[in-house]
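Have a look at the structure below before the remarks.
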Amino acid sequence: DLNSAINLKPNDPEALSYRANIYALKNQLDSSFKDYSNALLIDSNRVSVYLNRGVTYSTIGKFKEAVNDFNQVLKREPNNKAAKRYRAFAYIDSGEYEKGVNELSIFIEKDPHDIYCYISRAIGYYY
């Protein structure tokens with residue numbers, strides 16, 4: 001039980017991050033963002049927290065915040081494929097089609113087997 005773990009060790013960023021993920025799945029977004037942010041206050045180098053929070057921001061249409069989180073991942077791990085892909089998706093979803101398409105094209109050159117990049121790039125071309 002994550003609440004029990006957090007009661008035992010309230011400043012554990014991993015437990016906070018896991019609970020944030022569960023809150024996000026349950027659509028309890030205020031609680032989710034609070035736990036993500038608290039986890040990052042404790043350890044600002046946890047790329048998985050930035051990545052998960054960015055995905056959560058994207059799902060509710062907060063693309064600027066999502067891109068900021070994906071940039072934080074890439075600042076710490078410049079070759080993080082998930083962050084690059086999600087950032088490109090966020091650009092396309094926010095209307096920055098050219099930026100998203102360009103990033104996906106670069107990504108596809110490096111990894112031509114990721115079908116979701118082709119799909120998202122096609123959507124970007126459509127707009």
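You can think of it this way: the chain between Leu41 and Tyr126 has 26.6 nm of extra reach, that is 0.36 nm per residue less the Cα-Cα gap. Converting phi to 3J(HN,Hα) with the Karplus coefficients 6.51, -1.76 and 1.60 and the offset θ = phi - 60°, the stretch 5-19 yields 4, 5, 5, 6, 9, x, 9, 8, x, 5, 5, 4, 5, 4, 5 Hz in sequence order, with x at every glycine or proline. Within the shell defined by Cβ-Cβ distances under 11 Å, the residues around Asp69 carry a net charge of +4, with Lys and Arg each +1 and Asp and Glu each -1.
The Asp1 and Ile115 beta-carbon pair, evaluated with R₀ = 41 Å, returns a calculated FRET efficiency of approximately 0.60.
With contacts taken as Cα pairs under 8 Å at a separation of at least 6 residues, the chain carries a relative contact order of 14 percent.
Summing +1 for each Lys or Arg and -1 for each Asp or Glu among the other residues whose beta-carbon sits under 13 angstrom from that of Ala5 gives -2. Normalising the average separation of contacting C-alpha pairs (under 8 angstrom, six or more residues apart) by the number of residues puts the relative contact order of the stretch 1-54 at 32 percent.
Classify the stretch 54-111 as rounded, prolate or oblate from the Cα gyration tensor: take a ≥ b ≥ c as the square roots of its eigenvalues, call it rounded if a/c is under 1.5, otherwise prolate when a/b beats b/c and oblate if not. Because a/c hits 1.5 or more and a/b fails to exceed b/c, the stretch 54-111 counts as oblate. Checking the Cα-Cα distances for Lys62/Lys84; Lys9/Lys81; Lys84/Lys110 against a 21 Å cut-off, the pairs over it are Lys9/Lys81.
Values in this text are rule-based calculations from the coordinates and carry no lab data. Only a predicted model underlies this, so the values are computations on that prediction, with no experimental measurement involved. Note: ideal-geometry Cβ built from the backbone for every residue, glycine included; neighbour counts use all protein chains shown.
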